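Participant: Structure provided below as structure tokens; questions to follow.
The values are calculated or read from the model by the stated rules, or taken from the named source; none is laboratory data. Keep in mind that this is a model prediction, so the values were computed, not measured. Neighbour counts are summed over all protein chains in view; Cβ atoms, including those assigned to glycine, are modelled from backbone coordinates with ideal geometry.
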Amino acid sequence: MTIAEKQAERARLVKEMRAINDAVKDRAWTPDETEKYAKIEADVDNLGTELEAEQKRTERASKLVDLEKRIAEPGKPATKPEPVAARGKSASPLASPEYRDAFEVYLNGGMGAFSAEVAKRADTLAAGVFTKAGALIGPEEFVAELIKGVDNDVFVRRYARRFQIASAVSLGVPTLDTDIDDANWTAELLTGSQGDIAVGKRELRPHPMAKRVKISKTLDRLSAIPIATLVQERLRYKFGITDEKAFLSGTGVQQPLGIFVASADGVPTTQDVSTDNTATAITADGLINAKHFMKAQYWRGARWAFHRDAVKMIRKLKDGNGQYIWGMGLAGQPDTLLDLPMDISEYVPNTFTTLLYVGALAYWPAYWIVDALDMTVQFLDQLYAETNTNGYIARKETDGAPTLAEAFVRVKLA
């Protein structure tokens, strides 16, 4: 079935579930009704999983097309970069095709092979491409592709406000700590009451993260997959998972501050809503309370964030009229909860115990992410010689934090 057909089939099954539920009303369910309802519900879940998988396949296909456009034609000789005046960009050696070629050589053969490549291209490769520790700085296209890959896997990055700084320095964020009162109705010659505006500053400083990848030398020699592609894919995954956890539950100590950590520097406990929830479950009234705790001005860009266990619980909730509060999306539209879209993450808290967080309503543009672009990749061709493997160590630096508390509401159990 096509995506549209699957969406239509899922809507039909939900309608059938509604019919069974309405027919039962207040009497006890018969075994046949229970079995039929459970089977339809399972079919709906399977269709939802298939639709999500299809969307990811579409995204991967689009990414492959983009990557293929970046690959140079086989046998095509390298050309010197265009003059700076023609491109309108800085003449950074990291952005040149020659350096990208040399970086590929480094990933496959280490520093000796890289040095030979640099010697061959001395006319186009500038000096200063090494860090003080001897690691090689990734070319600008490699770093940008890694960041793009993380965007596809970490949902916070799709909606948060992002900044990129050239090196691991801090980014100052001005904050309005104290606002003035409303204007006064007064006489023509009076000026009204005095008010003072207090402006502060919050600092975002990218924190380092690192990951080591080991690859068999035999695989390196025999694999049809370019080693650089394989290394990049694994780093993309590892950095993406680390980001996802930190943006949601990071402590803010040498890592980003997550929205599920109560903090005066991020989302304080005043943004917790537990009214009408039980000690072990989310309720329909509790979700309504959470939505309306947030100012309506944020609703246009707000999104729910839940673990799949919470989604399963919420999906069974009904309003006072027996109607499911979960809204199935129409063709091409996402499912909604109380008219707002939802994101599902394995890293949202999912322990349903008294006073714990189990979800959030977030206006993600108020979450700021700062990335430092000086990511390095170091090739280790001797350290693992006894096990016939090569090693690669990658490092990058990231920080993130909520910058406006009222733009986030946490769903809390009673």
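Participant: With respect to the numbered conditions (1) more than 17 Å from the chain's Cα centre (by Cα); (2) surrounded by fewer than 16 Cβ atoms within 10 Å (Cβ to Cβ); (3) over 16 Å from ALA405 (Cβ atoms); (4) in contact (Cβ under 8 Å) with a residue 60 or more places away in the chain, which one is the sole condition not fulfilled by VAL231?
Facilitator: (2)
Participant: Just to be sure, is THR269 free of Cβ contacts under 8 Å to residues at least 24 places away in the same chain, among the hydroxyl-bearing types (Ser, Thr, Tyr) and touching a strand residue (DSSP E or B) at 6+ places or on another chain (Cβ under 9 Å)?
Facilitator: Yes, satisfied.
Participant: Further question on the same structure: Exactly one of (1) of a type outside the set (Gly, Ala, Ser); (2) over 30 Å from ALA113 (Cα atoms); (3) touching a Lys or Arg at 6+ places or on another chain (Cβ under 8 Å) is unmet by PRO402. Its number?
Facilitator: Looking at each condition in turn, PRO402 falls short on (3).
Participant: On to the next question. I'd like the full set of residues that are touching a helix residue (DSSP H, G or I) at 6+ places or on another chain (Cβ under 9 Å) and of a type in the set (Ser, Thr, Tyr), limited to the stretch 235-262.
Facilitator: Hit for the stretch 235-262 is TYR237, nothing else.
Participant: Mind listing whichever residues of the stretch 210-234 are assigned to a helix (DSSP H, G or I) and either modelled with pLDDT of 70 or more or in contact with a helix residue (DSSP H, G or I) (Cβ under 6 Å, 6 or more places away or on another chain) (or both)?
Facilitator: Scanning the stretch 210-234 gives LYS217, THR218, ASP220, ILE227, ALA228, THR229, LEU230, VAL231, GLN232, GLU233, ARG234.
Participant: All but one of (1) farther than 20 Å from VAL348 by Cα; (2) surrounded by 15 or more Cβ atoms within 10 Å (Cβ to Cβ) hold for ASP272; which doesn't?
Facilitator: If we test ASP272 against (1) farther than 20 Å from VAL348 by Cα; (2) surrounded by 15 or more Cβ atoms within 10 Å (Cβ to Cβ), just (1) comes out false.
Participant: Of all residues in the stretch 1-24, count the ones that are touching a residue at least 12 places away in the same chain (Cβ under 8 Å) and within 11 Å of VAL44 (Cβ to Cβ).
Facilitator: 8
Participant: Can you tell me which condition ALA362 does not meet? The list is (1) buried (at least 18 other Cβ atoms within 10 Å of the Cβ); (2) more than 19 Å from the chain's Cα centre (by Cα); (3) at pLDDT 90 or above, and all the others hold.
Facilitator: Checking ALA362 against (1) buried (at least 18 other Cβ atoms within 10 Å of the Cβ); (2) more than 19 Å from the chain's Cα centre (by Cα); (3) at pLDDT 90 or above, the one that fails is (2).
Participant: A further question follows. Are any residues in the stretch 280-301 in contact with a Phe, Trp or Tyr (Cβ under 6 Å, 6 or more places away or on another chain) and small (Gly, Ala, Ser), and if so, which ones?
Facilitator: Within the stretch 280-301, GLY301 is the sole residue that qualifies.
Participant: Hey, does the stretch 228-248 have a residue that's within 21 Å of LYS316 (Cα to Cα) and either assigned by TED's automatic domain parsing to the domain that holds PHE163 or among the acidic types (Asp, Glu) (or both)?
Facilitator: no
Participant: Could we say that LYS25 is at pLDDT below 75, of a type outside the set (A, V, I, L, M), within 22 Å of ALA11 (Cα to Cα) and loosely packed, with under 12 Cβ neighbours inside 10 Å here? Spell out the reasoning first.
Facilitator: On the way: at pLDDT below 75: yes; of a type outside the set (A, V, I, L, M): yes; within 22 Å of ALA11 (Cα to Cα): yes; loosely packed, with under 12 Cβ neighbours inside 10 Å: yes.
Considered against the rule, which asks whether it is at pLDDT below 75, of a type outside the set (A, V, I, L, M), within 22 Å of ALA11 (Cα to Cα) and loosely packed, with under 12 Cβ neighbours inside 10 Å, LYS25 comes out as yes.
Participant: Could you name every one of the strands (runs of 3 or more DSSP E) located completely within the stretch 282-387 that has at least 3 residues being touching a residue at least 24 places away in the same chain (Cβ under 8 Å) and closer than 21 Å to THR403 by Cα?
Facilitator: 303-306, 357-362, 367-380
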